[in-house]
1. Which one of these does residue 300 not meet: (1) touching a residue at least 12 places away in the same chain (Cβ under 8 Å); (2) over 19 Å from residue 153 (Cα atoms); (3) not polar (S, T, N, Q)?
2. Hey, could you check the stretch 149-162 for residues that are buried (at least 23 other Cβ atoms within 10 Å of the Cβ) and of a type in the set (Gly, Ala, Ser) and say which is farthest from residue 297 (Cα to Cα)?
3. Within the set of pairs 6 or more residues apart or between chains, which connect a residue that is on the phi > 0 side of the Ramachandran plot inside the stretch 211-239 to a residue that is part of a helix (DSSP H, G or I) with Cβ atoms less than 9 Å apart?
4. Return only the number of the condition from (1) surrounded by 15 or more Cβ atoms within 10 Å (Cβ to Cβ); (2) at pLDDT below 95 that residue 20 does not satisfy.
5. Test residue 92 against the criterion of being within 30 Å of residue 185 (Cα to Cα), in a helix (DSSP H, G or I) and at pLDDT 95 or above, and give yes or no.
6. Without any contact (Cβ under 8 Å) to a residue 12 or more places away in the chain, farther than 24 Å from residue 289 by Cα and either in contact with a strand residue (DSSP E or B) (Cβ under 6 Å, 6 or more places away or on another chain) or not hydrophobic (A, V, I, L, M, F, W, C) (or both): which single residue out of 103, 31, 51, 66 fits that description?
7. Report, by residue number, each residue of the stretch 2-29 that is part of a loop (DSSP other than H, G, I, E, B) and on the phi < 0 side of the Ramachandran plot.
Amino acid sequence: MSRDRVALGIALGYAADRLLGDPRRGHPVAGFGRVAAGLEQRIWGSSRSRGTAYEVVLVGGAVGAGLLLDRLPAATRVPVVAAVTWVVLGGRSLTKEAQSMSGLLVAEDLDGARLRVRNLVGRDPSALDADELARATVESVAENGADAVVAPLFWGAVAGLPGLVGYRAINTLDAMVGHRTPRHERFGWAAARVDDAANWLPARLTVLATAAATGSVDGARSVLATVRRDAGRHPSPNAGPVEAAFAAALGRSLGGSNSYAGVVEDRGRLGDGPPVTVADIAPASRLQTRIGLLSLGALLGARAVSRAALRRRRRARPGRPRPSSRR
């Protein structure tokens, strides 16, 4: 039985992220962001075609880099995949940000919490009270957990190194230009649409993992029923299901009105429970950790099954007849 070096590397990279968090210096994703920002300054225009070219060049370059890494000697495959997985995941850093927010809110340092929450969300926090800041934190743990943990694991399991780096490029560009601001409404259209497509399946996997993470049949049913009923109230096709699932698993409600650069958006009410409070941040972080572990196990298990099925099909193919040596 052949060893799956990609799966082993992904598992080791996941462990490195949980133990170490993001690299402190020279983070490759930050370097990619600087390249993307420089290119935006050169080619920006209020045009979908320019934004599409921007997306194609940068995502194509990232996938190309992944393909080059894939051509390294087989003996280096495990450490290279582990290192790339560690770099593209963000689970530990998300947990640390949530812990920091919880500490500031418990200490009633609202000014500090309003400043810190900008690391997690794009909404205007200047008028948010402690419970609204807690809601922002829990919603970020839910949505960013899907984006920064489940989705990279999914694309790594499906497409190896090109999948890992390509997905991280897609998600980074969406965070940079995929907003409906006057500057990016047209230029960032492609980045937002590609990110939606890349996250569609991982978001649904996150819902299933959230249902499983409740640890009970009734809890899983509640999660799935809440997602069917409430996900469409959220404007995002991927954040809606993820946040609705999270709300049901925690027994709380999420969503409401958020202000973005002076524009108020109604994100709908997700879930049946009372609104989240500061005390819900820690359970939300623990839930996200369980979701990540369950997703890792499910994805690597599915990869092993698919590889085994492929090997069986190859062995079952009838051999080609050997050409006769007689003339």
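The values are calculated or read from the model by the stated rules, or taken from the named source; none is laboratory data. Everything numeric in this text was worked out from a predicted model, so none of it was measured. FYI the Cβ positions are ideal-geometry reconstructions off the backbone, even for glycines, and counts take in every protein chain you see.
1. The number of the failed condition is (2).
2. So the first thing to find is which residues in the stretch 149-162 are buried (at least 23 other Cβ atoms within 10 Å of the Cβ), and the list is 149-157, 160-161.
With of a type in the set (Gly, Ala, Ser) added as a condition, the list becomes 151, 156-157, 160.
Numbers: 151: 14, 156: 13, 157: 11, 160: 16 Å.
Restricting to residues being buried (at least 23 other Cβ atoms within 10 Å of the Cβ) and of a type in the set (Gly, Ala, Ser), the top hit is 160.
3. 215/290
4. (1)
5. Numbers: within 30 Å of residue 185 (Cα to Cα): no; in a helix (DSSP H, G or I): yes; at pLDDT 95 or above: yes.
It is false that residue 92 is within 30 Å of residue 185 (Cα to Cα), in a helix (DSSP H, G or I) and at pLDDT 95 or above.
6. Working: 103 fails: farther than 24 Å from residue 289 by Cα; 51 fails: without any contact (Cβ under 8 Å) to a residue 12 or more places away in the chain; 66 fails: without any contact (Cβ under 8 Å) to a residue 12 or more places away in the chain.
Exactly one residue qualifies, and that residue is 31.
7. 2, 3, 4, 22, 23, 24, 25, 27
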